[in-house]
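Shown next, in C-alpha cells, is the structure this report addresses.
The values are calculated or read from the model by the stated rules, or taken from the named source; none is laboratory data. Just so it is clear, the structure is predicted and the values come from calculations on it, not from any experiment. Cβ atoms come from the backbone with ideal geometry, glycine included; neighbour counts cover every protein chain shown. Heads up: the accessible areas ignore ligands, DNA and RNA and are worked out on the full protein's heavy atoms, side chains in. Shrake-Rupley method; radii C 1.70, N 1.55, O 1.52, S 1.80 Å.
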Amino acid sequence: MFRDQTIAAENGWRRIFAVADDARVTMALLAIPLMVIGVAVLPTGPAITLALALYAIAGGMVLYFAVRTGNMQRFGPANRVTWLRTGLTTIIAGALAVADTPALLNWWIIGALAGAALALDGLDGWLARHHAVSSPFGARFDMETDAALILVLSLLIGVSDKTGLWIIAAGALRYVFVAAGRVWPVLTKPLPPS
C-alpha cells in the first residue's frame, strides 16, 4: 500500500514538472519574438520595462495556477495560443507608460496587436476542443486573458483622452463582478455554458 502511494506521488510530481516545463518553454520561446515586437512598438524605455514586468508577473501567475490545478497533463497547444495572446496584451499594456502622450504611440499598430489577440481568441478554444485538451484551467486562463485585454484597452483609451474616463468602467466589469462575488457568494457559482 505504501509503495502504491509513493508511485502515485511520484507520478503526480512528474505531471506537475511536465506541465511546468511545458509552460516555461512556451513562455521562454515566445519571449524573444514578443520582445522584438515590444521594442518595435513601444517608444520609450519605461514602456518596454512595464511590458517586460507585466510579462514576468503574468508568467509567474500562469505557472502557479497551471501547476496548482492538478488536472493537466501538459500545457497544451490551446494554452500556448492563450499565452501568446497574454504576451500581446502585456505589450499593449506597456503603452500605458506613455498613454498621456498619445503622439508617441502608433495607434494603428496597437490596434493591429489588439486585433491579432482577439483573432487568436477563437483559435485557442478550437485547438482545445480539436485536441481534446479542454480543461477548467484553460477556460479560466482564456477568460482572464480576455478580461485583461479589455481592461488594458479601456485604460489606454481612457488615459489617452480619446474618450472620457467612463470607458475604463467597461474594462473593469469583470473585476467588479469578481469583487461582487465576495460580497454575494451566489455570484461565484458556476455559470451555465454559453
Which of the numbered conditions does Tyr64 fail, given that it passes all the others? Conditions: (1) within 17 Å of Asp21 (Cα to Cα); (2) in contact with a helix residue (DSSP H, G or I) (Cβ under 6 Å, 6 or more places away or on another chain); (3) of a type in the set (Ser, Thr, Tyr); (4) open to solvent by 20 Å² or more (accessible area, probe 1.4 Å). (2)
In this structure, does Trp83 turn out to be modelled with pLDDT of 90 or more, closer than 25 Å to Val36 by Cβ and either in contact with a Gly (Cβ under 9 Å, 6 or more places away or on another chain) or open to solvent by 50 Å² or more (accessible area, probe 1.4 Å) (or both)? yes
Just wondering, is there one or more residues in segment 173-189 that are touching a residue at least 24 places away in the same chain (Cβ under 8 Å) and of a type in the set (S, T, N, Q)? no
Condition met for Leu165 (hydrophobic (A, V, I, L, M, F, W, C), outside any helix (DSSP H, G or I), open to solvent by 70 Å² or more (accessible area, probe 1.4 Å) and out of contact with any strand residue (DSSP E or B) (no Cβ under 6 Å at 6 or more places or on another chain)): yes
Of those in segment 33-48 that are within 19 Å of the chain's Cα centre (by Cα) and not hydrophobic (A, V, I, L, M, F, W, C), the residue most open to solvent (accessible area, probe 1.4 Å) is Pro33
Scanning segment 168-182 for residues that are of a type in the set (Lys, Arg) and open to solvent by 80 Å² or more (accessible area, probe 1.4 Å) gives Arg182
